[in-house]
1. Applying the selection to segment 53-71, what residues are among the charged types (D, E, K, R) and surrounded by 15 or more Cβ atoms within 10 Å (Cβ to Cβ)?
2. Which pairs do you get when a residue that is more than 15 Å from A12 (Cβ to Cβ), found in segment 67-78, comes within reach of a residue that is surrounded by 12 or more Cβ atoms within 10 Å (Cβ to Cβ), reach meaning Cβ atoms under 6 angstrom, with the pair 6+ apart or on two chains?
3. Here are L25, L9: which of them is touching a residue at least 60 places away in the same chain (Cβ under 8 Å) and either out of contact with any Gly (no Cβ under 6 Å at 6 or more places or on another chain) or surrounded by fewer than 12 Cβ atoms within 10 Å (Cβ to Cβ) (or both)?
Amino acid sequence: MAEIDLIHLVRAALVEGGIVLLPALLAGFGVALIVGLLQSATGIHEPLVGMVPRLAVMLTVLFLAGGWMVERFVDLFQSSLLMP
């Protein structure tokens, strides 16, 4: 494997990893923003109140999009094996 092929493969893996994780990260960020606004409005500053909904939403997104995520990684793996 030439050095240029390895650089291309690592770059593709990093981009795919970012694309795959983006839905869960955006959902977690959205929930954190809403919970943070509610916590500041109510004066409740308990860390567990902010963590539980964020964790639940991120796990739900990972569960719902898990098939798509695995499919993207399998396509990347197959394309890297078939690379000349």
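1. R54, the sole residue that qualifies.
2. Once the first residue is more than 15 Å from A12 (Cβ to Cβ) and sits in segment 67-78, its partners that are surrounded by 12 or more Cβ atoms within 10 Å (Cβ to Cβ) give M69/V20.
3. Result: L9 is the single residue among L25, L9 that is touching a residue at least 60 places away in the same chain (Cβ under 8 Å) and either out of contact with any Gly (no Cβ under 6 Å at 6 or more places or on another chain) or surrounded by fewer than 12 Cβ atoms within 10 Å (Cβ to Cβ) (or both).
Every number in this text was worked out from the coordinates using simple rules, so none of it is lab data. What you are looking at is a predicted structure, and each value in this text was computed from that prediction instead of being measured. Counting neighbours? That spans all protein chains shown, and the Cβs are built from the backbone with ideal geometry, glycine included.
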